[in-house]
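J.: Here it is, the structure, as structure tokens.
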Amino acid sequence: MATLHLFDPAADTVDQLRAIGREFHGRSWSLGTSSNYSVVVSRDPLELLITASGKDKSALGPNDFVRVDADGRVIDGSTRKSSAETLLHCLIAELVPALGGVPVGAVLHTHSVWSTILSRADLPAGSLRIEGYEMLKGLEGIGTHDTFEEVPIFANGQDMTELSGRIRDRFTAADWSNPKRPPCHGFLLSGHGLYTWGQTLAEARRHIEIHEFLFEVVARSRMLAAATRP
């Protein structure tokens, strides 16, 4: 079967990912060597261009990316290691479209203060419910503030195969029957951060920005409520 190339994994895509790294670092969403970003460069077979392991996202260089297959194996002939969480990117790119969601063109992961705090606080509930905010309309398929987003939360783990299995099980059990309104646009790892995706890199970047704004609103609203409680 012929390879279907969605992006040319050359200068333009790499430059966009480098710019996202600088922006997200500047907004305190990708500090130190945290976070990872990927773009789907081929759908059949599935191949991703993803940040190499252990790189400062504020200073990504042209060679700080690797190409991986659907199993997360580096296939570009380099000796660089891919991100430790490559399998999660591969899972999202493969699973979300298979369940009836959008064709995933990019996956972005951030480690913000607010997502870290909320993901631990709401882990017992299994999700973070965000309701009634105008900014929800920034998530693809949402056209009104009068709705909610239920962001799944998973206990963190270092075994990516086991963690991928838990995410797969929960996503498979969700209702993806409405392609214009998926059950979620991202998920949280407890004490870790946000994963989100989009049909394009620009859409995935917007989903990061919308989620991060809403996380801060929710967290600060809870703090204000606690401070004013008699």
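J.: Mind jotting down the three principal axis lengths of the chain based on Cα atoms? Whole angstrom, largest first.
T.: Principal-axis extents of the Cα atoms in the chain, largest first: 63, 39, 32 Å.
J.: A further question on this structure: What is the angle, in °, between the Cα long axis of helix 160-173 and the longest principal axis of the Cα atoms in the chain? Nearest 10 is fine, range 0 to 90.
T.: So the inclination is approximately 60 degrees.
J.: Would you list, by chain and number, the aspartates and glutamates whose Cα falls below 14 Å from the Cα of Lys81, excluding same-chain residues fewer than 8 positions away?
T.: Answer for Lys81, where 14 Å is the Cα cut-off: Asp64, Asp69, Asp71, listed by chain and number.
J.: Gain in length, Ala125 to Val113, computed as 0.36 nm per residue apart minus the alpha-carbon separation, to one decimal in nm?
T.: Values: separation 12, 0.36 × 12 = 4.32 nm, distance 1.96 nm.
The span from Ala125 to Val113 would gain 2.4 nm if fully extended.
J.: Could you put Glu162, Glu149 in order, starting from the residue whose Cβ has the fewest other Cβ atoms within 10 Å?
T.: Starting with the residue having the fewest Cβ neighbours, the order is Glu162, Glu149.
J.: Oh, and also: Among the trypsin sites (Lys or Arg not before Pro) in region 56-127, which ones are in a DSSP loop with at most 13 other Cβ atoms within 10 Å of the Cβ? Mind listing them? Intermediate results must be reported in sequence, preceding the final value.
T.: Details: sites: Lys57, Arg67, Arg73, Arg80, Lys81, Arg120; in loops: Arg73, Arg80, Lys81.
Loop-located and lightly packed - Arg73, Lys81.
J.: Pull up the cross-link candidates among the aspartates and glutamates for Lys57, meaning alpha carbon to alpha carbon under 19 Å and not fewer than 8 places away within one chain.
T.: Asp12, Asp15, Glu23, Glu85, Glu209, Glu212
J.: Starting from region 135-230, pick out the chymotrypsin sites (Phe, Trp or Tyr not before Pro) whose DSSP state is loop and whose Cβ has at most 13 other Cβ atoms within 10 Å. Mind showing how you got there, number by number?
T.: Details: sites: Phe148, Phe154, Phe171, Trp176, Phe187, Tyr195, Trp197, Phe213, Phe215; in loops: Trp176.
Here no chymotrypsin sites (Phe, Trp or Tyr not before Pro) fit, given the DSSP loop and packing criteria.
J.: Further question: Is the shape of region 60-148 rounded, prolate or oblate, going by the alpha carbon gyration tensor and its root eigenvalues a ≥ b ≥ c, with a/c under 1.5 for rounded and a/b larger than b/c for prolate?
T.: Working: a/c = 2.28, a/b = 1.77, b/c = 1.29.
Judged from the Cα gyration tensor, region 60-148 comes out prolate (a/c at least 1.5, a/b above b/c).
J.: Could you work out how far helix 86-99 tilts from the main Cα principal axis of the chain, as a 0 to 90 degree angle to the nearest 10?
T.: 80 degrees
Laboratory data are not the source of any read-out in this text; all were calculated from the coordinates shown. Since we're looking at a predicted model, the values are computed, not measured. Neighbour counts are summed over all protein chains in view; Cβ atoms, including those assigned to glycine, are modelled from backbone coordinates with ideal geometry.
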